[in-house]
Amino acid sequence: MAGDYLHWQFQHTRKPYNGVILAATDYSTATSIISVKNADYRVYVQKISINVTTYSAKTWTFQDSTGTPVPIAHLSIPAAAVALASESGSIVFDFGPTGFPLTLGKNLDLKMSAAGVAGAIHIEAYEKLEGAVAVASTN
């Protein structure tokens, strides 16, 4: 048994993301990190895991790529690393096995307030055909 998250990914199309953000990386203009196949598909974000390695007072927003973006997760990163061993530099946004649906045909973007933060990102997601499709199309 693959588990609830993989069940949905295997029923549709897996769209995981693994990336490292360097302190010099500047996505102050939103940048797509998961792209949808075409306008007939919808991305479902199941889980976003972030491990911050370099701190700076900045924000990161995970949002869809519509003209007026729909934010699904917002992270305010402090200027300094956590002070106590009981605190963690790991942040998890968990939307459950079925996931949070983005707008039909739109990508998952990451928008930063500015460069300065470094860390690793892992995202569990899948895409599902939901738009109307013509007979004999290649979708």
(request) Could you tell me whether residue 47 is touching a Phe, Trp or Tyr at 6+ places or on another chain (Cβ under 9 Å) and charged (D, E, K, R)? (result) yes
(request) Would you check which residues across the range 1-30 are under 20 Å from residue 97 (Cβ atoms), assigned to a loop (DSSP other than H, G, I, E, B) and among the charged types (D, E, K, R) and list them? (result) 15
(request) Sort out which residues of the range 55-69 are closer than 21 Å to residue 106 by Cβ and surrounded by 15 or more Cβ atoms within 10 Å (Cβ to Cβ), and write them in order of number. (result) 60, 61, 62, 63, 64, 65, 69
(request) Would you check if there is a residue in the range 72-94 being within 15 Å of the chain's Cα centre (by Cα), in a loop (DSSP other than H, G, I, E, B), surrounded by fewer than 17 Cβ atoms within 10 Å (Cβ to Cβ) and not β-branched (Val, Ile, Thr)? (result) no
(request) Name the single residue, out of those in the range 31-64 being hydrophobic (A, V, I, L, M, F, W, C), over 20 Å from residue 96 (Cβ atoms) and part of a strand (DSSP E or B), that is farthest from the chain's Cα centre (by Cα). (result) 52
(request) Can you tell me which residue among 52, 43 is buried (at least 18 other Cβ atoms within 10 Å of the Cβ), at pLDDT 95 or above and among the β-branched types (Val, Ile, Thr)? (result) 43
(message) If residue 103 satisfies all but one of (1) modelled with pLDDT under 95; (2) outside any strand (DSSP E or B); (3) hydroxyl-bearing (Ser, Thr, Tyr), what's the number of the condition it fails?
(response) (1)
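The values are calculated or read from the model by the stated rules, or taken from the named source; none is laboratory data. If you're wondering where the values come from, they're calculated on a predicted model, not measured in any experiment. All Cβ positions, glycine included, derive from the backbone under ideal geometry; neighbour counts span all protein chains shown.
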